[in-house]
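Each value in this text was obtained by applying a stated rule to the coordinates, not by laboratory testing. Just so it is clear, the structure is predicted and the values come from calculations on it, not from any experiment. Cβ coordinates were reconstructed from backbone atoms using ideal geometry, including for glycine residues, and neighbour counts include every protein chain displayed.
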Amino acid sequence: MQQYADNFIPVIPDTNICHTKEHPFCGDPTCLCYGDKDNIAAINDAINDGIITPDDATRIMKGKTV
Ligand SMILES: [Zn+2]
């Protein structure tokens, strides 16, 4: 008897491009990356330096590319 088989949710392989310099956020708001001060500081620095716009930052924090 495998009582867990029917509703077992397989772990989805982490194949998304995330947690990199260009893509610090993975799109999962519950992930630790959203609480990472370095990530947030990097985004703020990029805005201040004019590398990205606040809109870009929003997109990045949603896990999308600029
Ligand atoms: Zn993440």
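Across all Cα pairs in the stretch 18-66, the calculated P(r) in 10 Å bins from zero up to the longest distance comes to 31, 61, 8 percent per bin.
Nothing charged except the Cβ atoms of Lys and Arg (+1) and of Asp and Glu (-1): what's the magnitude of the dipole of the stretch 18-66 about its Cα centre? Round to the nearest 20 debye. Don't jump to the answer; show the numbers that get you there.
Values: 5 positive and 8 negative charges, 30 e Å.
Approximately 140 debye in magnitude.
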